[in-house]
Each structure stands twice: as C-alpha cells, then as structure tokens.
1. Of the residues in the stretch 97-112, how many are away from ligand 1 (no atom under 16 Å from the Cβ) and more than 23 Å from ASP365 (Cα to Cα)?
2. One residue is enough: does the stretch 398-419 have a residue meeting the conditions in a strand (DSSP E or B) and under 30 Å from LEU13 (Cβ atoms)?
3. Step by step: first the residues of the stretch 145-168, then only those that are outside any strand (DSSP E or B) and in contact with a strand residue (DSSP E or B) (Cβ under 6 Å, 6 or more places away or on another chain), then the one that is nearest to ligand 1 (Cβ to nearest atom). Which residue is that?
4. List, please: which pairs have Cβ atoms under 6 Å, are six or more places apart or on different chains, and start with a residue in the stretch 381-409 that is of a type in the set (Asp, Glu) and end with one that is in a strand (DSSP E or B)?
5. Which residue pairs have Cβ atoms under 6 Å apart, sit 6 or more places apart or on different chains, and have a first residue in the stretch 300-315 that is without any contact (Cβ under 8 Å) to a residue 40 or more places away in the chain and on the phi > 0 side of the Ramachandran plot and a second that is of a type outside the set (Val, Ile, Thr) and not in a loop (DSSP other than H, G, I, E, B)?
6. Can you spot a residue in the stretch 126-144 that is more than 12 Å from ligand 1 (Cβ to nearest atom), over 30 Å from PHE352 (Cα atoms) and surrounded by 15 or more Cβ atoms within 10 Å (Cβ to Cβ)?
7. Among the residues of the stretch 207-227, is there at least one that is more than 18 Å from CYS132 (Cα to Cα) and in contact with a strand residue (DSSP E or B) (Cβ under 9 Å, 6 or more places away or on another chain)?
8. Might you let me know whether the stretch 356-370 holds any residue that is acidic (Asp, Glu) and free of Cβ contacts under 8 Å to residues at least 40 places away in the same chain?
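Where a number appears in this text, it was derived from the coordinates with a stated rule and is not lab data. Note that the structure is a prediction, hence the values are computed from the model and not measured. Glycine also receives a Cβ, built like all others from the backbone with ideal geometry; neighbour counts cover every protein chain displayed.
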Amino acid sequence: MNLTWVVQVRIGLVGKPNVGKSTFFSAATMAQVDIANYPFCTIDPNVGVAFIEARLDCPCKDLRNKLEQDGRLKPVEADDPRQGSLCEPRTGSCIGHRRSVPIALVDVAGLVPGASEGRGRGNAFLADLANCDVLIQVVDAAGSTDLEGQFLGAVSTAEEAVASVNAEITFLEQELDAWIGGLLEDGWNRGVRRVQAEGEKGLVSFIQERLSGLGATTPLVSQGMAEFNDAYAPSQQPWDWPTSTLHDLGQCMRKQLFPMVYAANKADIAPKGVLEAFPNHTMMACMADMELALRRANEAGLIHYRSGDASFSVQSPASLNDAQKKALDHMQERLATFDGTGMARLMDDVLFDRLNHIVVYPVQDETHWVDGDGRVLPDAFVVPSGIQAKALASRVHTDLGEGFIRGVDGRTRRIVGADHELVDGDVLKIHAKS
Ligand SMILES: Nc1nc2c(ncn2[C@@H]2O[C@H](COP(=O)(O)OP(=O)(O)O)[C@@H](O)[C@H]2O)c(=O)[nH]1
Ligand SMILES: [Mg+2]
C-alpha cells in the first residue's frame, strides 16, 4: 500500500534569514523515518517528516487495561522500554501510551523583503508555500538581526526587539499579500465577466480557481469574501475596484489560506517582555538550537530527553568531562526557566488548536484492534475534527470510501453510518464492498 496518506498535514516554516528556520527544521525532523514511505522527502531536501505527540493516550492503554483485568497480561514491568505500550505503529512511536503522529514540515527559505518582486530566490519560495496548510513564522525575539538577516552587534532592549519583530511580521504579510493580490490582479478581467454573469457566486468561483494552487476551496474563499465585505464594504462594483482594493481582497484570502502561528525564537537571549507585546498573535517562546542540541545528545546516548519535556537526565554522569557537565547544567537551567524548548508545545498548538485536528485509529478487527496481519493499532490518522466515517475511509483508501457500507466503533461496538462524526482517539472498523 502507498503510505503517503499517513501525512495529511503540511506545515511551513517561514521568516526572514537567520531567525533559526533551518535549525528548527533539523531538530523537528531528526527522527529516523523510512524515507521510502515518504516519497516527497526524497524530492525536496527542505521537506521532512516531524512527529507530534497525540493529546490523548494511545488506545493501546485501554487495550492493556482490559487484558490485565482479564488476567491475560501482567502489569507493566518497571524496566519495560516501551513503558506499557502494546501497539505496533507503522510510523512514529508510542512509549508509555504517548503516541506520535507524522506531519510534513517545509523549510521555506528565501522569503526576503521584495521576494514577490523577484529579489532573493524570487518566486521560488511560492512552490514551497503553496501546499502548506498553516505557516509558522519564526521570528527573532532577541532582535539580533535586521530584516535581511544581518547580525547586529549589541543585544537589543525589549523595545527594540518588539519593533524588530513587528517589522518581521509586517514584511512577511506584505510579501504574501502582494503575491496573492498579484494573482488576483492578473486575471481580473475574467473575474469581472464572471461577476457580471453570476454575481458574487461568480466572483467566489473565480477566486477559488485563481488560487486553487494555494489550496483555496470554496468554503475558505467564501469565508474570506465575507470578511472582506465586513472590513472594507467596497461601494464600487468589482469592475471599478482599484488595485488597492484587490490587494485588500488578497489580504483577506491570505488570512484564510495561510493561518499563521509565531515562534518567538532565540528566547534564550531575548530581553524579557517581548511575547507580552503581541497579545493578538499566537506566539510562543522557542529555543530551536537547544532543541537540536538536546535531540543530538539524546541520539548520541549522552542524555535521555524527550521533546516537550522540561528536563532531561544524564545517562552516565561519571563519564562526562567538565566542559560537557557545564554545558548540560546550563541547558537544564534554561530548560527549567522556559518550561521546555517550546518546540513541541508550538507544534501541538498548530496541529490541534489552529488546525483543529484529531487523531483516530482505523483497524480491521473491532475486537482486537488489529489490521489484517494482526498488527495492533498500526495506524494513527491525523484528520480534521468531526470528520465523517466515510470521509475517513476514503483517506485510508479510495476503495474503502467508495465501497463504504458501515463502520463499527471499536469502544462501544456500535454500528455507525457514513455521516457519523469522529472524535479524538476514536478506534474505527470500516466495512466496505470489495
Ligand atoms: N541564541 C539562539 N540562536 C539560535 C537559536 N536558533 C537558531 N539560532 C542560531 O541562529 C543562526 C541562524 O540559524 P538558521 O537556522 O540557519 O536560520 P535560517 O536562516 O532562518 O534558516 C544560527 O547561528 C543558529 O545557531 C536559538 O534558539 N537561540
Ligand atoms: Mg535556513
């Protein structure tokens, strides 16, 4: 089976140069994955797979509880490396019933001021951006670099850092707006003819087609249109709209197409109070280079660290030299101060709050929660909250969707119909005509 389906969400890392995008990307995509399962990774070196922990415990916890109650399984041993997990994930991992799910992460380089007019890599970044469901703008919370990414000498005051972050946010919005506004402007004559023939419905379908390469769907465009009408209430007819109005329209579409979350990176060297200056943004403190260092040290067997944790343990303290000890002490202290590197928290927020996704577990056997080969809970699907049973079936396999007969809820054993809406942590058996 083609396994590209396991990655349903694409997150883009954007921002001016030298803010830490590539560091964030390397840290987040470090887990070894079987690249054959993710063909897109081999095509683009700046696309990788990152794992995000599901919010709810893996259903293998319920399975274990049941087996223990029935006396068919002994309680977890203290030294069990999987800390009780019973599942056999095809991708990602599950330890202590903490199950991780894959997403695609894209390091979008070259988005510099003026990029939409051809500066830097010019429009090359657009192809990277186009398929992203959501963007993380990495900003330099320390204000240690200018808009071109040149390092500034002195460390900024809070005021300077806030002004600098504001400039980063504004430049990126302007670049995206100019790009989307330009796309609308280009074909506007055709758009106008559609409005004359079909009214606003024609305009929506024109915009949707124009921006389909960016993931525009009719509901998204309609939502953007509603916000445009609210905010700008243009008095002229669309055929009389000046360029500036088209760009306002582009801005409303951008907000729909690219929801944005901010990583206030370099928190370790940032002055206090930067985050507080952005109450209307989803912004979280981040230390990408520390996450990278911790993951590398973990990989090398020096420490035991799990992304998201606010501390780590040293494998064999006696074997460390003074320099290593000092470096690790320093990291412990920073980690405690910031309650973790912030990366896992940010990705969790993006996937489950901003994108409102859930994790569900399709199985072939509703009693034992296994697939055809007897593999326990092999797949964890990241899907939009409230997805219907038949739509989930289509994501598992187009044949399962087309032949959908009914589903069976793995917990209640109730039969559910095509329009049954799934909730986080559901286990579902799908019956389909073959
Ligand atoms: N102090 C500090 N420096 C960082 C952090 N993350 C990245 N850097 C440094 O910022 C510089 C630019 O990082 P890079 O990932 O290449 O930035 P990119 O151009 O946005 O991809 C490098 O020297 C990194 O080591 C962080 O959290 N704190
Ligand atoms: Mg880079």
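1. From the stretch 97-112, those away from ligand 1 (no atom under 16 Å from the Cβ) are 97-104; that's our starting set.
Adding the requirement that they be more than 23 Å from ASP365 (Cα to Cα) leaves 102-104.
The qualifying residues number 3.
2. Just the residues of the stretch 398-419 that are in a strand (DSSP E or B), to begin with: 404-409, 415-416.
So of that shortlist, the ones also under 30 Å from LEU13 (Cβ atoms) come out as none.
No, because not a single residue in the stretch 398-419 is in a strand (DSSP E or B) and under 30 Å from LEU13 (Cβ atoms).
3. Step one: list which residues in the stretch 145-168 are outside any strand (DSSP E or B), which gives 146-150, 152-168.
Checking which are in contact with a strand residue (DSSP E or B) (Cβ under 6 Å, 6 or more places away or on another chain) leaves us with 165, 168.
Details: VAL165: 14, GLU168: 11 Å.
The extreme case among them is GLU168.
4. ASP409/VAL416
5. none
6. No: the stretch 126-144 contains no residue that is more than 12 Å from ligand 1 (Cβ to nearest atom), over 30 Å from PHE352 (Cα atoms) and surrounded by 15 or more Cβ atoms within 10 Å (Cβ to Cβ).
7. no
8. As a first pass, look at the stretch 356-370 and keep what is acidic (Asp, Glu): 365-366.
Now drop any that are not free of Cβ contacts under 8 Å to residues at least 40 places away in the same chain, which leaves none.
So far as the stretch 356-370 goes, no, none of its residues is acidic (Asp, Glu) and free of Cβ contacts under 8 Å to residues at least 40 places away in the same chain.
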